[in-house]
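What follows is one structure encoded as structure tokens, with my remarks underneath.
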Amino acid sequence: MVTVTPLEAELWEIAGSVPDPELPVLTLHELGVLRAVRVRGTGAVEVELTPTYTGCPAVEAMSLDIERALRARGMPEVTVRTVLDPAWSTDDITDEGRRKLREFGIAPPRARRDREPVPLKLGPTRTRADDAGPVRCPRCGCADTELLSRFSSTACKALRRCLGCREPFDHFKEL
């Protein structure tokens, strides 16, 4: 069991409250990319961050924002390390993060029942209920949606359209 000091808990709260640069409605904690915060001596802190996917362009901005926030707290030496193991998964998004995505108009990723890799299924673009369930429209809740594009404003989102209210929306893809 890892013991967390009161200072580490405080610094975790500060680092975790940094908004995601691509989805500013979510904090890094809610997105699930903040992995660890460790105090290393007087005035030094090391933060571990896992990107949503290898090569994510937002990692540099996240790191700089964390450094800024922790230096403002009085930590003169801040090191942000990228860790890839364990890999980030959409299962790491908190319930609060999923709620915020939905309220922001982005369909949150469907929760998986296991930690197995997500199979890639090519075929019809209409959503069919599978083990994870349908992709529901974040505006009206309709389960009858179709895929317009496998990629949207960021690589981790797809563009879909609700066949109920006819509105397009982003869907945070399951990883």
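Observations, loosely collected:
- Some residue of region 56-74 being among the β-branched types (Val, Ile, Thr), in the same structural domain as residue 12 (by TED's automatic domain parsing) and either out of contact with any helix residue (DSSP H, G or I) (no Cβ under 6 Å at 6 or more places or on another chain) or at pLDDT below 95 (or both): yes
- Selected residue (criterion: farthest from the chain's Cα centre (by Cα)) from residues of region 151-166 that are charged (D, E, K, R) and surrounded by 13 or more Cβ atoms within 10 Å (Cβ to Cβ): 161
- Close pairs (9 angstrom Cβ cut-off, 6 or more residues apart or separate chains): under 15 Å from residue 70 (Cβ atoms) in region 1-15, exposed (fewer than 10 other Cβ atoms within 10 Å of the Cβ) and hydrophobic (A, V, I, L, M, F, W, C) anywhere: 14/72
- Verdict on residue 102 being closer than 27 Å to residue 24 by Cβ, part of a loop (DSSP other than H, G, I, E, B) and modelled with pLDDT of 60 or more: no
- Residue in region 114-130 that is within 21 Å of the chain's Cα centre (by Cα), at pLDDT below 95, in a strand (DSSP E or B) and closer than 30 Å to residue 12 by Cβ present: no
- Hey, residue 146 acidic (Asp, Glu), touching a helix residue (DSSP H, G or I) at 6+ places or on another chain (Cβ under 6 Å) and modelled with pLDDT under 95 or not: no
- Boolean, residue 91 is farther than 18 Å from residue 158 by Cβ and of a type outside the set (A, V, I, L, M, F, W, C): no
The values are calculated or read from the model by the stated rules, or taken from the named source; none is laboratory data. Given the structure is predicted, the values throughout are model-derived calculations rather than measurements. Note that we place each Cβ from the backbone using ideal geometry, even for glycine, and neighbour counts take in every protein chain shown.
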